[in-house]
Amino acid sequence: MTFSGNIASKLPATETTIFTIMSRLAAEHQAINLSQGFPDFSCQPALSALVAHFMSLGYNQYAPMPGVAYLREQVSAMRKEIHGVEYNPETEITITAGATQGIYIALSAFLHENDEVIIIEPAYDSYLPGILINKAKPVYYQMLAPDYTIDWKQVMKLITQRTRMIIINTPHNPTGTLLTSGDMQQLERMLKDTDILVLSDEVYEHITYDGQVHESASRYTDLRSRSIVVSSFGKTLHTTGWKVGYVLAPENLSNEFRKVFQYAQFSVSTPMQWAIAQFLEDPAQYKGLSAFYEAKRDLFNSYLTRSRFKPIPSRGTYFVCADYSGISRMSDRKFVERLTKDHKVAAIPVSAFYKNKHDQKVIRFCFAKSEETLHKAGEILCAI
């Protein structure tokens, strides 16, 4: 009997990500790509030189499974510097092949069949597949434009005996909002006397605006004890293609995380870990990031405010959302396709971040681009 080719998909409803679709469409139509979240400029030359330096020194074999000790120590120092909390680099910090991998492994390590996971939408699209692969059940809470705030009393109503985890994301992709200290305190009170875990996606931790601070789950004692915090050097160092991230968790949670990680990845690029570690000896490399991107946000907003788009305030990340309802009643998916094909600027429909494709006539732009790119895109948007 020959193989029929028929298989039972574990993710039958999952399609190609909207980021891939829009980046491909942008390339096909030679459009300015403000859709996928990556810079169009290079990282610091000194950082690239450090990678070559460590390669030339022979740092080209497997790194230790949890990550190069030097880098874990630098992550620990960075957390203490920014948040005033200490993570043990030996037992509580793991270097991963990017934040998305860290999220997926955290879901795999802690979810069991029929566990429930609360997802706050709009949500990054990697959360749901990891939940479904592990036979757990997503439970949704919707934030709505233009404020994208959370009513924690309504979230509390979603908790059942099967609730295993809640996923939070701050600074938030795609909306650019921040969870406040009040949000974190309400979350902490809500979870008190439960065994519910928190998966805290903090990849844009160093990118906040207007003097506001990033409220990490690690700042709050009870939240820290139950949180798996995920972050990314790709966002911090303009190196998204290197795929180097890290996961912070108390020792008992880190032990379980590493049990899965060692068989999914084992270790991450050795010379890049050494290079990043040495580069982070200077705290200015991450402390100046907010001011760097705030200037880009303000430049891009200067165009949006003169256009028919209505920008929604971005308080963090390198994204800004905009309401286009004054321009068209077209669905957001159709609108970004038309924007890409006819006007040569690509964006992301925010409905793609909702399970039910909730369409509020809002799209997301990435402003992690050169000034030249932002000027060109801004002039096009103002002309629509």
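The values are calculated or read from the model by the stated rules, or taken from the named source; none is laboratory data. Computed from a predicted model, the values in this text were never measured in an experiment. Cβ: placed from backbone, ideal geometry, glycine included. Neighbour counts: every protein chain shown.
Table for the structure above
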quantity	calculated
Unique residue being of a type in the set (Phe, Trp, Tyr), more than 15 Å from the chain's Cα centre (by Cα) and surrounded by fewer than 19 Cβ atoms within 10 Å (Cβ to Cβ) when the list is Tyr148, Tyr140	Tyr140
Among the residues listed as Thr239, Thr221, the single one being among the polar types (S, T, N, Q) and within 17 Å of Thr96 (Cα to Cα)	Thr239
Candidates Ala249, Ala322, Ala275, Ala295, filtered to the one that is at pLDDT 95 or above, out of contact with any strand residue (DSSP E or B) (no Cβ under 7 Å at 6 or more places or on another chain), at negative phi and crowded, with 19+ Cβ neighbours inside 10 Å	Ala275
Count - residues of the stretch 359-383 that are surrounded by fewer than 19 Cβ atoms within 10 Å (Cβ to Cβ), out of contact with any Pro (no Cβ under 8 Å at 6 or more places or on another chain) and closer than 12 Å to Arg333 by Cβ	0
Answer from Ala63, Ala145, Ala106 - the residue that is over 25 Å from Lys357 (Cα atoms), in contact (Cβ under 8 Å) with a residue 12 or more places away in the chain, part of a loop (DSSP other than H, G, I, E, B) and aliphatic (A, V, I, L, M)	Ala63
Residue in the stretch 121-128 that is touching a strand residue (DSSP E or B) at 6+ places or on another chain (Cβ under 7 Å), among the hydroxyl-bearing types (Ser, Thr, Tyr), within 23 Å of Asp323 (Cα to Cα) and not in a loop (DSSP other than H, G, I, E, B) present	no
